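No lab work stands behind these numbers, since they all come straight from the coordinates. What you see is a predicted model; the values in this text were computed from it and never measured. Glycine also receives a Cβ, built like all others from the backbone with ideal geometry; neighbour counts cover every protein chain displayed.
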Amino acid sequence: MAVSDHYRYRVVWSAEDEEHVGLCTELPSLSWLASTPDEALAGIRELISGCEEDMRASGEEPPRSLGDTGS
């Protein structure tokens, strides 16, 4: 299972962009704009998954999920 499967995701409305914004707590610099909440969530999850793959391919360790307690 990918680390990003345990990340915290949320979707908020952006009045400025007039779209829904998908966000990930563990990688706050990334976001995904979409016309529906479902599309915003799917988009940010796909983006984060790709980032995780890229990080591993370059020898970096993706951020640990803030939801994992280590137990």
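Assorted remarks:
- Compactness of the chain - radius of gyration and Dmax, Cα, Å: 12.8, 41
- Here the stretch 3-57 is assigned +1 on the Cβ of each Lys and Arg and -1 on the Cβ of each Asp and Glu. Its dipole about the Cα centre then comes out at about 240 debye.
- Neighbour count of at most 14 Cβ within 10 Å plus DSSP loop: longest trypsin sites (Lys or Arg not before Pro)-free window in the chain: 9-63
- J(HN,Hα) series, the stretch 57-68, from Karplus relation 6.51 cos²θ - 1.76 cosθ + 1.60, nearest Hz, glycine and proline x: 5, 9, x, 8, 9, x, x, 6, 5, 5, x, 7
- Between the residues L30, Y9, C51, the greatest Cα displacement towards the positive end of the dipole of the chain, with unit charges on the Cβ of Lys, Arg, Asp and Glu, is found for Y9.
- Label-point separation in nm, Y9 to D68, each point 7 Å along Cα→Cβ: 1.8 nm
- Each of the GluC sites (Glu not before Pro) that DSSP puts in a loop and that has at most 15 other Cβ atoms within 10 Å breaks the chain; the longest unbroken stretch is 19-59.
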